[in-house]
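Participant: Sending over a structure as structure tokens; questions will come in a sec.
The values are calculated or read from the model by the stated rules, or taken from the named source; none is laboratory data. Everything numeric here is computed off the predicted structure, so don't read it as measured data. Here Cβ is always computed from backbone atoms with ideal geometry, including for glycine, and neighbour counts include all displayed protein chains. For accessibility, only protein heavy atoms count, side chains too; no ligands or nucleic acids. Shrake-Rupley method; radii C 1.70, N 1.55, O 1.52, S 1.80 Å.
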Amino acid sequence: MSGRTPTLCSVHTHSNFCDGKNSMAEMAAAAFAAGVKHYGFSGHIHTPCPSDVGVCMAADMTAYRAEALRLRQEYAGRMEILLGIEWDLCSDLAVPDWADYWIGSVHNLYREDSGQYYCVDWKAEELECGRDECFGGDMEAMAEAYYAAVAEVAALRPTILGHVDLITKLNENNRFFDEASPRYRAAALDALHCADPAATVLEINTGAMARGYRQTPYPAQFLLKEWKRMGGRIILTADAHSADRILYGYEAAAAWAEAAGFDSAVLLTAHGFVDCLLR
């Protein structure tokens, strides 16, 4: 067990190649200044979803890759630069073979008969539209569809399973559904059980906290506790979309992990996962 802290690692980040506010160079500089030793770019891979225009990278990721590799050389010997991807189930591209790691996520639900996409974490109006048009106003049915999609991603054994209960982003104070309901929790647990703890780590993600949507990190305590029971490992991430959020909320994330029974997390390095104490 390494004594190094989780703040040495930040690998869920977004630059202005997708929906981030800063350039890759600015993000790397901020990470280095914050003491990060293992930094990863994880741009949103392209999808055909209309709401993803300006959110995801272009289908041609040549420039993204080239800039990451340039920065890897610039920081060689001082900070590891990892080249990753956040891959969405709705993507029209495969995870590229040059990616050092990939974060598997679900941001959208797709209705085949109409060809419509419904984003679960963008606007309340979009969430309501999906609920009413696809699920007859039954938000728990929409949550079940979301977790069925998460299960598909989890079964692909991503390096990191991203913000697994993202559908709760706009649900602060149970605005749309009761997060304690047995039906909701059964769907979420079924999805989690599709992940392989030997291949995938679960992130504790503070991104929605940084943007004012939530008071606590993803995922909920009942999911974290089940992941611990399954023998799974966790990684702390900020889902940073700006240079001032590289390590946002890591203390809160560590406390959240401890409340679920964890005393350690992992760092993602160029040589794989390394265990580290939360404190």
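Participant: Could you run through the range 3-32 and say how many residues are within 19 Å of the chain's Cα centre (by Cα) and either on the phi > 0 side of the Ramachandran plot or surrounded by fewer than 17 Cβ atoms within 10 Å (Cβ to Cβ) (or both)?
Facilitator: Matching residues across the range 3-32 total 3.
Participant: Give, as residue ranges, the strands (runs of 3 or more DSSP E) completely inside the range 60-145 that count at least 3 residues that are open to solvent by less than 60 Å² (accessible area, probe 1.4 Å) and in contact with a Ser or Thr (Cβ under 9 Å, 6 or more places away or on another chain).
Facilitator: 80-88, 101-105, 116-119
Participant: Here's something else I'd like to know. List the number of the failed condition for residue 170; all other conditions in (1) in contact with a Ser or Thr (Cβ under 8 Å, 6 or more places away or on another chain); (2) more than 16 Å from residue 233 (Cα to Cα) hold.
Facilitator: (1)
Participant: Residue under question is residue 35, and the condition is that it be surrounded by fewer than 17 Cβ atoms within 10 Å (Cβ to Cβ) and in a loop (DSSP other than H, G, I, E, B); does it hold?
Facilitator: yes
Participant: Residues that are more than 25 Å from residue 226 (Cα to Cα) and modelled with pLDDT of 95 or more: does the range 137-155 have at least one?
Facilitator: yes
Participant: Okay, moving on. Considering (1) among the acidic types (Asp, Glu); (2) in contact (Cβ under 8 Å) with a residue 40 or more places away in the chain; (3) over 23 Å from residue 235 (Cα atoms), say which one residue 138 fails and leave the rest.
Facilitator: (2) is the only condition that residue 138 fails.
Participant: Would you check which residues across the range 146-165 are in contact with an Asp or Glu (Cβ under 9 Å, 6 or more places away or on another chain), surrounded by fewer than 22 Cβ atoms within 10 Å (Cβ to Cβ) and assigned to a helix (DSSP H, G or I) and list them?
Facilitator: Residues satisfying the conditions are 148, 151, 155.
Participant: Looking at the range 98-108, can you tell me whether even one residue there is in contact with a helix residue (DSSP H, G or I) (Cβ under 7 Å, 6 or more places away or on another chain) and aromatic (Phe, Trp, Tyr)?
Facilitator: Checked against the condition, which is being in contact with a helix residue (DSSP H, G or I) (Cβ under 7 Å, 6 or more places away or on another chain) and aromatic (Phe, Trp, Tyr), the range 98-108 yields at least one hit.
Participant: When both residues are 6+ apart or on different chains and their Cβ atoms are under 6 Å apart, which pairs have a first residue that lies in the range 168-179 and is closer than 14 Å to residue 220 by Cβ, and a second that is open to solvent by 60 Å² or more (accessible area, probe 1.4 Å)?
Facilitator: Short answer, once both residue conditions are applied: 169/213.
Participant: Any residue in the range 173-181 that is within 30 Å of residue 246 (Cα to Cα) and acidic (Asp, Glu)?
Facilitator: Yes.
Participant: Just to be sure, is residue 81 among the β-branched types (Val, Ile, Thr) and over 23 Å from residue 153 (Cβ atoms)?
Facilitator: yes
Participant: While we're looking at this one, here's another question. Looking only at residues that are of a type in the set (Phe, Trp, Tyr) and assigned to a helix (DSSP H, G or I) in the range 172-227, which one is most open to solvent (accessible area, probe 1.4 Å)?
Facilitator: 222
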